[in-house]
Amino acid sequence: MSYQTLVEDADKLIQTNEMWTGITPEAVARMRLQNRFRTGLDIARDTSAIMRRDMAAYDQDPSKYTQSLGCWHGFVGQQKVISLKKHFGSTERRYLYLSGWMIAALRSDFGPLPDQSMHEKTSVPALIEELYTFLRQADARELGMLFRDIDRARETGDSVRHRQLQQAVDNYQTHVIPIIADIDAGFGNAEATYLLAKKMIEAGACALQIENQVSDEKQCGHQDGKVTVPHEDFVAKIRACRYAFLELGIDDGIIVARTDSLGAGLTKQIAFSAREGDIGDQYNSFLDCEEIADSQHQNGEVLITRGSKVLRPKRLRSNLYQFREGTGSDRCVLDCITALQNGADLLWIETEKPHIEQIAGMVDRVRQVIPNAKLVYNNSPSFNWTLNFRQQVFDAWKHDGKDVSGYDRSKLMSEEYDGTRLAIEADENIRTFQRDASLRAGIFHHLITLPTYHTAALSTDNLAKDYFGDQGMLGYVANVQRKEIRQGIACVRHQNMAGSDIGDDHKEYFSGEAALKAGGKHNTMNQFAA
């Protein structure tokens, strides 16, 4: 609906209520445009449609992959999307990622926690709501500036500019983009997963990422000691998420099924198997077992059969069972196929390094069964990207017979190699990793889980070193404020970013000429007007 049509509709409504004195149609239209999304379900419905369109586009052209960065605060997410619009003029194929790791480390009332689902699960939907509150405020702020420009064009009689600005409003692209939200292992059984999924969807999440670890033994994907669950248990949680979407009317919500099997050598349960070859039997086939005679078992032991053999799965002191070494890839492939056949939309294979052929090898096998299988991939800061890619180039050169005598493979992280041909080739491979992996390995979405955790630490370290050192105030001015001004960072006018001008507009709507506004000539933010 166009700007002018909204004004006309508001005018008709106001005219039917003669007691609504002082209410102006244009102010009503503007406030409605500044609050396009009334509820989190409106957001989830709109953004799930965006993701579905992007998934279809990727199926047609795998160069059209999508990306996101992890967020731990609404302001962080808001600034990312403002930057997207500023630098690229569009948010197309760009999302936000909500990381359970970052919530645990930065948002828990217990203080910093490891990524083991010990934080309050209510903090997950709370952060989704917070992110969308900040993104909606970014809409209100930017539209408010357009409305002010419309008023100025009208006052100066510039009809061409006035028409251009109205078209800009009519074609406005919102800051509200999809969020892929981490529900960990569901924080409990399938019912607990369903209840939390509902809260997350009601807050605006269109995509839920759930992993196949045991809830009460959950570990970060890049730590040791991971314990997986049988497929039927995981499928029940996938269904719980789907029921939550359907109950709330989000018919095309997205479920990302993550497998941690590549690095998980343990299971808490022996899967139920009704017949040889079923999914439970396949899960159990990877267990590390020893063959025994009927007379060798003791009371209370768990035994399984493979054909005519009676086997005793090896049970650890922790009461967990271990898988055979070297079965991780096979288990990942089975996990992926089973998840997609039972309602998941996207896959996530957690790996120990960013290696395209390793990922592609598993995806190729999945695609033999499900041709359009697509991945979400964690471009994790837990990887040493520099060392990994330099070693990959070293190994490739050695395989091809190139001279690598000038390099020590174990010390390739050293700064002394930074300008070498090997380092330059490795950096180029890092630069093109997302594109190359999307074309070769079926990766639809690339994300970095913890980018702002690291950027906040790095920038704070640099500021503290300069400000508390010899640079004093220049440490802030030269390295922060001056760069903000020259790079056009919106929050250099932090009063405007916090909503001061929106509040002034509202004061004028509510009080007319009696409004006491903050944005007058004595506001020091005017120093940044240029």
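Structure notes:
- Distance between region 450-512 and region 1-67 - C-alpha centres, whole angstrom: 30 Å
- Net charge over other residues, Cβ less than 12 angstrom from the Cβ of ARG324 (K, R count +1; D, E count -1): -2
- Integer Hz, Karplus 6.51/-1.76/1.60 couplings in order for region 84-90, x for Gly and Pro: 4, 5, 5, 8, 10, x, 7
- Scanning residues 5 or more positions from ILE443 or on other chains, those with amide H under 5 Å from its amide H are LEU375, SER438, with H placed 1.01 Å from N in the peptide plane.
- A simple rule links phi to the HN-Hα coupling: the Karplus curve 6.51 cos²θ - 1.76 cosθ + 1.60 with θ = phi - 60°, which for region 145-151 gives 5, 5, 5, 5, 5, 4, 4 Hz, with x for Gly and Pro.
- Formal net charge of residues neighbouring ALA257 (Cβ-Cβ distance under 15 Å; K, R +1; D, E -1): -3
- Distant-in-sequence amide H partners of ILE254 (H built 1.01 Å from N, under 5 Å): ALA207, LEU208
- Here the Karplus curve 6.51 cos²θ - 1.76 cosθ + 1.60, taken at θ = phi - 60°, turns the phi angles of region 108-115 into couplings of 8, 5, 7, x, x, 10, x, 7 Hz, with x standing for Gly and Pro.
- Applying the criteria of a DSSP loop state and at most 16 other Cβ atoms within 10 Å to the trypsin sites (Lys or Arg not before Pro) of region 29-59 yields ARG36, ARG38.
- Extension gain (nm, one decimal) between ARG306 and GLU18, 0.36 nm per residue minus Cα-Cα: 95.4 nm
- Remark: the chain carries a charge dipole of roughly 600 debye about the Cα centre, counting +1 on each Lys and Arg Cβ and -1 on each Asp and Glu Cβ.
- Neighbour-count order for MET1, MET497, fewest beta carbons within 10 angstrom listed first: MET1, MET497
- Cβ-derived FRET efficiency at R0 22 Å, LYS507 paired with SER2, nearest 0.05: 0.20
- Shown here: Kirkwood radius over Cα pairs in Å, derived from the displayed model; of the candidates (i) 24.5; (ii) 23.8; (iii) 26.4, it corresponds to (iii).
- Placing a pseudo-label 7 Å from each Cα along the Cα-to-Cβ vector at GLU247 and GLU232 gives an inter-label distance of 2.3 nm.
- Comparing Cα centroids, region 144-205 and region 271-287 end up 47 angstrom apart.
- With helices as the sole contributors, the chain gives -15000 deg cm²/dmol at 222 nm; each DSSP H run of n ≥ 4 counts as -39500 (n - 2.57), and the sum is divided by every residue.
- Note on region 229-268: with charges restricted to the Cβ of Lys and Arg (+1) and Asp and Glu (-1), its dipole about the Cα centre is near 160 debye.
- By DSSP, the beta bridges lying fully in the chain are antiparallel in about 25 percent of cases.
- Kirkwood Rh, angstrom, region 462-511 [1 / mean 1/r, Cα pairs]: 12.7 Å
- Mean separation of Cα contacts under 8 Å, 6 or more apart, over the residue count of the chain: relative contact order %: 15 percent
- Mean sequence separation of contacting Cα pairs (under 8 Å, at least six apart), scaled by the length of region 481-528, corresponds to a relative contact order of 32 percent.
- For ASP182, the residues 5 or more places off, or on other chains, whose built amide H falls under 5 Å of its own are LEU98, GLY100, GLN209.
- Reachable lysines, given that their alpha-carbon falls under 29 Å from the alpha-carbon of LYS237 and they are not under 8 places away in the same chain: LYS121, LYS198, LYS199, LYS218, LYS226, LYS268, LYS314, LYS353, LYS374
- Since only VAL81, CYS289, PRO381 are under comparison, the one whose Cα sits farthest along the positive direction of the charge dipole of the chain, derived from C-beta charges on Lys, Arg, Asp and Glu, is VAL81.
- Placing unit charges on the Cβ atoms only, positive for Lys and Arg and negative for Asp and Glu, gives region 117-258 a dipole magnitude near 360 debye about its Cα centre.
Values in this text are rule-based calculations from the coordinates and carry no lab data. In this text, all values refer to a predicted model and were calculated from it rather than measured experimentally. Because the Cβ atoms are built from the backbone with ideal geometry, glycine has one as well, and the counts that use them run over all protein chains shown.
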